[in-house]
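Read-outs throughout are calculated quantities, based only on the coordinates presented, and are distinct from any laboratory measurement. Model, not experiment: these values are computed from the prediction. Glycine gets a Cβ as well: all are built from the backbone with ideal geometry, and neighbour counts include every protein chain shown.
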Amino acid sequence: MKQIILVSMVTILVGLAQPALADEKNENPDGMAMEGITKLMDALGAFIASIPQYEAPVLNENGDIIIRRKNPEKKQEDPKLEETST
């Protein structure tokens with residue numbers, strides 16, 4: 001019986017200690033919010049900057065949606081070899 005009480009008390013103390021340990025962090029909530037908003041705005045800006053690269057979506061007869069690039073990357077051609085007269 002004493003062991004059950006001892007285990008119960010240890011479990012309760014460990015459970016109560018966790019929130020106390022979490023509160024010891026000295027991070028400013030306002031600073032954390034501003035950091036999160038800044039990261040979100042940077043990601044949103046990068047997304048919006050990529051939108052003009054694509055044409056409007058086209059729906060095929062079979063239901064496929066095709067989104068073409070406005071300026072597709074040009075394929076690199078093989079270099080032309082010089083012809084020699086031998």
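Excluding ILE51 itself, calculate the net charge of residues whose Cβ lies under 13 Å from the Cβ of ILE51, where each Lys or Arg counts +1 and each Asp or Glu counts -1.
Counting the neighbours of ILE51, the net charge comes to +1.
Count the net charge of all other residues whose Cβ sits under 14 Å from the Cβ of MET34, scoring Lys and Arg as +1 and Asp and Glu as -1.
Spelling it out: positives minus negatives among the neighbours equals -3.
Any chance you could run the full-extension gain for ASN62 through MET32? It's 0.36 nm times the residue separation minus the Cα-Cα distance, nm to one decimal.
Additional length available on full extension: 6.0 nm.
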